[in-house]
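**Q** Encoded as C-alpha cells, here's the structure I'll be asking about.
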Amino acid sequence: MKRVELCEHQPEWIQQAATVVAELQALPVLAAWPIEHIGSTAVPGLCAKPVLDLLLGLPDLRAAAAKLIAALPPAGWQYRPEHEATLPERRYFTRPATPNCPRLHLHAARQGGPLWRRHLAFRDALRQRPAWAAQYGALKRQLAQAQPLDGAAYTEAKGPFIRACLVELAELDKPGG
C-alpha cells in the first residue's frame, strides 16, 4: 500500500507540468487537443502529494480512446483501465517519477464535459480564493495524518469539501448570485 505523503508546494511543479504538456502535444495524436495542469500541484502555495495531474480534453472520449491507448505507452505512459469502473467518463494513464519530474497522472475526458468542467472550476477556485486553498490544505494535512496508508480513503474524504466548493461556485454563477 502506498503511503499518503504531502509536501509543501514546489515552484518547479508548474514548469515540469508545462514541459510534460509540450511533450504530449508533440505527439501527433495529441497535437490538437488541450491539456491542462490540474490538481493541487497546479495551485501555488497549496500542499500536495508530489504527483502532477494533467487533464486532456477530447472531442469524443470513445473515438479517441483507442488512439491514446496505442500512442501513450511508447512514451512511457501506462493505461489504467481498472479505474473506468468508478469513472467511466475518463481514460486514465500514469507515468512513474523520474529524477527530473514527479509521478504523472493523465486524465482524458470529453472537453467541456462535466468532469472537464469540475476539474478546471475547482483548480481555478483554489487559485482565486486563498481562503479556500488554505482550508483545503488544512483538510488534506488532517486526512493524510488520519489515513496515512489508505490513499483511496484519503481521496474519498476530500470529496465533500470539493463538492461543497463546486456547489457554491454554481450558486455564484446563477443570475443574482
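**Q** How much accessible area per residue does the chain have, counting only protein heavy atoms and a probe of 1.4 Å, in square angstrom?
**A** 54
**Q** Which is the longest run of the chain containing none of the trypsin sites (Lys or Arg not before Pro) found in DSSP loop states (not H, G, I, E, B) with at most 14 other C-beta atoms within 10 Å?
**A** Free of exposed loop sites, the longest segment is 4-177.
**Q** Explain nothing, just the number: relative contact order of segment 43-177, from Cα pairs under 8 Å at least 6 residues apart, as a whole percent.
**A** RCO, segment 43-177: 23 percent.
**Q** Ignoring ligands, DNA and RNA, please state the percent of accessible area on segment 95-153 from carbon and sulfur, probe 1.4 Å.
**A** 54
**Q** Work out from phi, with θ = phi - 60° and the Karplus expression 6.51 cos²θ - 1.76 cosθ + 1.60, the ³J(HN,Hα) of each residue of segment 14-25, listed in order in whole Hz, and give x for Gly and Pro.
**A** 4, 5, 4, 5, 4, 5, 5, 4, 4, 4, 5, 6
**Q** P(r) of segment 1-121 in 5 Å steps, Cα pairs, percent per bin?
**A** All Cα pairs considered, the percentages come to 2, 11, 21, 25, 21, 13, 6, 1.
**Q** If you don't mind, there's one more thing I want to ask. Antiparallel as a % of all DSSP beta bridges within the chain, to the nearest 5?
**A** 65
**Q** When the Karplus curve 6.51 cos²θ - 1.76 cosθ + 1.60 is applied with θ = phi - 60°, which whole-Hz ³J(HN,Hα) does each residue of segment 97-103 get, with x for Gly and Pro?
**A** 5, 10, x, 9, 7, x, 4
**Q** While we're on this one: Beyond 25 Å between alpha-carbons counts as too far, so tell me which of Lys140/Lys174; Lys67/Lys140; Lys49/Lys158 fall in that bin.
**A** In this structure, Lys140/Lys174; Lys67/Lys140 lie more than 25 Å apart at Cα.
The values are calculated or read from the model by the stated rules, or taken from the named source; none is laboratory data. Note that the structure is a prediction, hence the values are computed from the model and not measured. When we count neighbours, we look across all protein chains shown, and the Cβ atoms used for this are built from the backbone with ideal geometry, even at glycine. For accessibility, only protein heavy atoms count, side chains too; no ligands or nucleic acids. Shrake-Rupley method; radii C 1.70, N 1.55, O 1.52, S 1.80 Å.
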